[in-house]
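Note sheet for the following structure.
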Amino acid sequence: MAVKYSGKSADSRIDPQQPAPKSPTAGSKILKSPTDVRPGLLKQQETDDDRRLDNTIRPHTFQEYIGQQALRESLDISLKAAQNRGEPLDHLLLYGPPGLGKTTLAMVMAREMNTDIQITAAPALERPRDIIGILMSLQPGSVLFIDEIHRLNKVTEEILYPALEDFTLDRTIGKGQSAKILRVPLPRFTLIGATTKAGAISSPLRDRFGMVCRLNFYTEVELMRIIHRSAGILKVNIEDLAARTIASRSRGTPRIANRLLRRVRDYCQVKHADQKMILQALAEEALDLFDIDPAGLDPTDRLLLKTMIHNFNGGPVGLDTLAAAIGEDPRTLEDVYEPYLLQSGLLHRTPRGRMVTPMALQHLKIDVGNVSLAVQQALPTFTD
Ligand code: ADE
């Protein structure tokens with residue numbers, strides 16, 4: 001299977017973790033910010049280091065792919081049915097938080113279809129000629145993977161519509177009154193789009209996907225299996241309890257699990273060179289040193305929850321107000337920090353704003369007397 005990357009370098013992608021920090025709201029109590037940007041270990045965006053190593057540990061087939069079982073099964077059925085009919089697969093939109101394996105899944109599908117894949121990202125498709133060049137280079141049955149597809153500009157999107165629907169490219173020849181539109185036939189191909197923000201995709205584009213599928217966070221057991229598999233490929237010995245410790249601090253995300261595994265391995269290699277295996281105590285020691293707590297929260301997550309409790313009585317507090325109080329970009333808070341805090345039951349989103357949950361108070365060992373009646377009233381609901 002040929003894999004071709006077009007302009008998908010870390011530089012071509014805007015890193016939502018590194019916004020221009022805003023100044024905190026005047027008059028609010030300011031908790032000390034632990035770091036200006038999220039430390040690399042829990043960064044959800046793919047780094048160059050991840051990309052290099054992911055290519056060695058990425059699963060290549062559905063058989064090797066761990067987790068997302070229902071999705072895998074339904075994709076496998078659609079794929080086999082399309083193959084039986086001798087047709088390419090319907091266009092597919094994959095959405096979900098970063099690091100859950102959208103690119104990996106697209107590569108697995110191309111391999112299962114025995115076809116080549118062209119990988120790009122919306123920020124690399126700025127000019128019409130970027131997308132036209134890619135479309136013209138596709139072979140019958142090829143997979144085109146566009147990451148961050150919600151960031152496509154209008155012109156590129158409009159070039160894509162007839163390409164997706166009728167497998168044609170409308171090219172304008174000449175200028176002014178003598179301009180003519182030439183319909184160029186394209187080979188039948190499959191577009192796999194990936195996004196962390198399904199809601200930000202325009203409806204004409206969304207409507208052109210035959211399948212829209214969500215990737216969910218991984219369970220601890222699935223992450224343990226991924227860690228053991230990656231450790232085998234990296235030739236690292238790890239005991240089961242150590243894999244569990246890393247899994248439990250990986251925010252349900254394979255990319256983070258693999259990154260933590262590599263950093264724990266480095267730690268053991270340097271600090272415990274005599275040990276032939278990563279033991280649970282060593283994994284805990286390393287992760288504590290990296291300031292990743294047992295729930296997988298880093299200093300910024302904890303700052304966010306503590307600011308909500310100490311400055312806003314636990315909420316409800318609006319996204320913009322909260323972002324200003326911790327000097328973060330509201331979109332970064334929403335896209336990067338919140339999904340895991342919501343999923344793990346530490347944060348609650350209400351029509352009146354964000355609220356911490358009793359579980360967050362318990363986790364941070366903060367007395368319930370510090371929070372608003374609204375949060376306290378939620379207590380029975382959350383502990384039921
Ligand atoms: N590495 C990263 N994601 C994986 C997955 N879902 N299965 C196996 N190995 C992985």
*Filter region 281-340 for residues that are assigned to a helix (DSSP H, G or I) and small (Gly, Ala, Ser); which is nearest to the chain's Cα centre (by Cα)?*
Ala323
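Taking region 55-69 as the search range and keeping residues that are outside any helix (DSSP H, G or I) and hydrophobic (A, V, I, L, M, F, W, C), which one is farthest from the ligand (Cβ to nearest atom)?
Across region 55-69, the extreme among qualifying residues is Phe62.
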*Which ones in region 341-365 are outside any helix (DSSP H, G or I) and in contact (Cβ under 8 Å) with a residue 24 or more places away in the chain?*
Ser344, Gly345, Leu346, Leu347, His348, Thr350, Arg352, Gly353, Arg354, Met355, Val356, Thr357
*Only residues that are more than 16 Å from Ala124 (Cα to Cα) and assigned to a helix (DSSP H, G or I): list them for region 159-185, please.*
Tyr161, Pro162, Ala163, Leu164, Glu165, Asp166, Gly176, Gln177, Ser178
*Please tell me if Arg244 is basic (Lys, Arg), in contact with a helix residue (DSSP H, G or I) (Cβ under 7 Å, 6 or more places away or on another chain), modelled with pLDDT of 95 or more and away from the ligand (no atom under 16 Å from the Cβ).*
yes
_Exactly one condition in (1) under 26 Å from Ala243 (Cβ atoms); (2) touching a Lys or Arg at 6+ places or on another chain (Cβ under 9 Å); (3) away from the ligand (no atom under 16 Å from the Cβ); (4) touching a residue at least 40 places away in the same chain (Cβ under 8 Å) is false for Arg302; which is it?_
(2)
*So is Pro162 over 30 Å from Pro339 (Cα atoms) and away from the ligand (no atom under 16 Å from the Cβ) or not?*
yes
*asked:* Residues that are buried (at least 17 other Cβ atoms within 10 Å of the Cβ), more than 16 Å from the ligand (Cβ to nearest atom) and among the hydrophobic types (A, V, I, L, M, F, W, C): does region 212-231 have at least one?
replied: no
*Identify the single condition in (1) farther than 25 Å from Gln63 by Cβ; (2) more than 16 Å from the ligand (Cβ to nearest atom); (3) basic (Lys, Arg); (4) not assigned by TED's automatic domain parsing to the domain that holds Leu93 that Arg251 does not satisfy, given that it satisfies every other one.*
(2)
*Subset of region 75-95 (residues that are within 16 Å of the ligand (Cβ to nearest atom) and surrounded by fewer than 21 Cβ atoms within 10 Å (Cβ to Cβ))*: Asp76
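The values are calculated or read from the model by the stated rules, or taken from the named source; none is laboratory data. Here the structure is a predicted model, which is why all the values come from computation and not from measurement. FYI the Cβ positions are ideal-geometry reconstructions off the backbone, even for glycines, and counts take in every protein chain you see.
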